[in-house]
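Bear in mind that the values in this text are calculations on the coordinates, not laboratory data. Keep in mind it's a predicted model, so treat the numbers as computed, not measured. Note that we place each Cβ from the backbone using ideal geometry, even for glycine, and neighbour counts take in every protein chain shown.
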């Protein structure tokens, strides 16, 4: 049987995501907060492909949408487990569709990047992000791609933990919201390129890019 694994021009296997996960918290209380930027990107992705609707699915503990990229199925997921248990939903989808961890691309907020900057990695740690901690725990590996979107940092010092919670669960200031509104389409384009041409192609084009007004 011929090997149908897609390869790049250098002969290396392409990493083509088949499950796109946007992280966030469910409910109107958390809409458009910094911690929910992953949800916003997945919602924008769903709107960018014809006929895709995000529908609540109890089996997958989240909202799910599907479409075809050529002959391959691509699944969009917004876990509704709350951030700290995001890995439960990701594991459920992987098991159902018999996907491996390298097929996952997780989109989430990052306080270590300036507001509006993108960074794509093939693997890595959680960086203190509770949603990523949960996914790493449930997948049993750090070896899966991720797209981080900068949300800016908060002041360090006394009461930092409380300040971090307040920051990530807060909404963007008007000027920062304009930047986020500009970077979300860029993130959609980065994900679309990774689906068509592989994660590394998207990394080469989008890493370090940021929206600016």
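Would you mind computing, in nm to one decimal, how far apart the modelled labels at residue 175 and residue 189 are, each placed 7 Å from Cα along Cα→Cβ?
Label-label distance for residue 175 and residue 189, simple model: 2.4 nm.
Using Cβ contacts closer than 10 Å as the measure, can you line up 90, 165 from fewest to most? Walk me through the intermediate numbers first.
Values: 90 28, 165 12.
Neighbour counts put them in this order, fewest first: 165, 90.
What's log10 of I(q)/I(0) for the range 57-125 at q = 0.11 Å⁻¹, Debye sum over Cα points only, no solvent?
-0.32
Using Cα-Cα distances under 8 Å and only pairs 6 or more residues apart, what relative contact order does the chain have, in percent?
Working: 418 pairs, mean separation 53.1, N = 213.
Dividing the mean separation by the residue count of the chain yields 25 percent.
Round to the nearest 10 and give me the degree value, 0 to 90, for the angle of helix 174-197's Cα axis relative to the longest principal axis of the chain.
10 degrees
Given the rule -39500 (n - 2.57) for each run of at least 4 DSSP H residues, summed and divided by the residues of the chain, what is its mean residue ellipticity at 222 nm, to the nearest 500 deg cm²/dmol?
Helix-only estimate at 222 nm: -11000 deg cm²/dmol.
With both bridge residues required to lie in the chain, what share of the DSSP beta bridges run antiparallel, to the nearest 5%? List each step's numbers first, then the result.
Values: 18 of 30 bridges.
Here the share of antiparallel DSSP bridges comes out near 60 percent.
What nm value, rounded to one decimal, do you get for the distance between residue 163 and residue 66 when each label is placed 7 Å out toward the C-beta?
Between residue 163 and residue 66, the label points sit 4.7 nm apart.
With axes computed from alpha carbons, what is the tilt in degrees of helix 37-48 against the longest principal axis of the chain, rounded to the nearest 10 within 0 to 90?
Tilt of helix 37-48: around 40 degrees.
So how tilted is helix 86-97 from the main axis of the chain? Cα-based, degrees 0 to 90, rounded to 10.
Between the helix axis and the principal axis of the chain, the angle is about 10 degrees.
Would you mind putting 20-27, 144-151, 59-66 in packing order, based on average other-beta-carbon counts within 10 Å, highest first?
Averaged packing, sorted descending, gives the order 144-151, 20-27, 59-66.
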